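> This structure is in structure tokens; I'll ask about it shortly.
The values are calculated or read from the model by the stated rules, or taken from the named source; none is laboratory data. Values in this document were obtained by computation on a predicted structure and should not be read as measured data. As a convention, Cβ positions derive from the backbone with ideal geometry for all residues, glycine included, and neighbour counts pool all protein chains shown. SASA here: full protein model, heavy atoms, side chains in, ligands and nucleic acids out. Shrake-Rupley method; radii C 1.70, N 1.55, O 1.52, S 1.80 Å.
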Amino acid sequence: GKLSFGIVKQPAMPPRRQALSLVALCASLAVASCASANQADSKITPWSFLKNLLSNAAPEKRDPVKMRLIGAGFGRTGTMSLKTALTELGYQTYHMKEGVIDGGDVPLWSRYALASPSDKAAASEAILSSMASAGYSATTDFPACIIYKDLMAAYPDAKVILSIRSSGEVWATSIMATIGTIGKFLALRPFSYFSFFREFSVVDRFLWETVGVDDPSSDHAGLAKGYNLWVAKVKAEVPADKLLVHDAREGWAPICAFLDLKEGEGCPSTPYPRVNEAAELERVVAFLEVVTTWWAWIAVGVYAALAMVAFGVWRLLAS
């Protein structure tokens with residue numbers, strides 16, 4: 001049957017509370033903007049995370065291309081390093097940050113998450129169409145890894161890369177310290193008052209149900225088990241001649257061999273990219289926790305400051 005996420009519809013918000021929420025969110029964004037203004041655009045910062053979810057911009061249109069590489073590995077398995085490596089090889093790679101958050105595909109993935117079994121194919125087709133129209137030739141990371149079989153069916157000539165960590169336990173520890181808590185905060189006020197955050201929370205919840213856990217912020221054993229089952233599933237379902245199981249520590253050599261690239265003839269001589277987003281993601285989590293805990297006080301403080309300024313201006317004009 002249709003997946004259920006236990007999402008409670010928020011009641012209509014009184015105008016005063018809506019104003020408080022908007023003030024708190026804007027104030028928080030202003031603080032985040034100042035704190036992360038000097039960060040590179042490729043970094044995941046509190047500002048970039050919230051800004052892109054708020055804007056939910058339509059993806060840039062490019063000439064449609066065939067998908068050539070399909071990433072079947074979960075997030076936090078070196079997927080940003082893999083994305084960077086594939087970009088160096090000339091691929092346009094769909095990733096949670098670039099394709100979903102920056103690219104505006106949150107509504108498509110929310111629709112897919114909530115679709116009934118009979119509607120799942122159409123929801124998946126909409127995502128594949130968005131990928132094609134945006135010119136993506138490869139995928140990595142959540143949530144695209146979840147539909148690797150749909151991608152294989154649509155692009156039978158594509159190869160599959162299963163990115164892995166050294167063990168399920170190591171992966172679980174990484175999840176609990178980073179992305180395992182983001183969805184929980186976005187389901188709380190003031191974020192839950194806004195549709196774009198509710199949609200992202202739906203996608204997040206769907207990902208963890210696919211892994212097989214209810215609470216990715218605390219279920220270490222469940223995460224490790226889900227990871228191990230997923231790795232075994234991909235290995236069993238993808239033909240061996242089309243599958244590369246890749247640990248980022250192995251570097252370029254397995255990827256170049258898999259893609260028939262030789263050093264000096266397509267295989268880079270530069271070191272394999274090592275992009276670890278853990279510190280940036282931990283800052284995002286800390287920021288979300290502060291906002292959800294103190295949002296009402298932040299709003300009241302901003303209102304009080306504005307009232308004092310307005311009173312001062314009135315006194316000045318009245319004197």
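> Could you grab the relative contact order for the stretch 68-151? Cα pairs under 8 Å, six or more apart, rounded to a whole percent.
Normalised by residue count, the contact order of the stretch 68-151 is 55 percent.
> His220: accessible area at probe 1.4 Å, nearest 10 Å²?
Looks like 60 Å² after rounding.
> Here is a further query. With point charges of +1 on the Cβ of Lys and Arg and -1 on the Cβ of Asp and Glu, referenced to the Cα centre of the stretch 162-248, which listed residue (His220, His246, Ser195) lies farthest in the positive direction of the dipole?
It is Ser195, whose Cα lies furthest towards the positive end.
> Another question, then. Provide Arg274, Arg315 ordered by accessible surface of protein heavy atoms (probe 1.4 Å), highest first.
Descending accessible area places them as Arg274, Arg315.
> How do Arg205, Arg249, Arg76 rank by accessible surface area computed with a 1.4 Å probe, from largest to smallest? Walk me through the intermediate numbers first.
On the way: Arg205 60, Arg249 160, Arg76 35 Å².
Reading off the accessible areas and sorting them downward yields Arg249, Arg205, Arg76.
> In the structure shown, do any of Lys184/Lys242; Lys120/Lys184; Lys66/Lys233; Lys83/Lys242; Lys120/Lys242; Lys97/Lys120 have a Cα-Cα gap over 27 Å, and if so which?
Cα-Cα > 27 Å for Lys184/Lys242; rest within.
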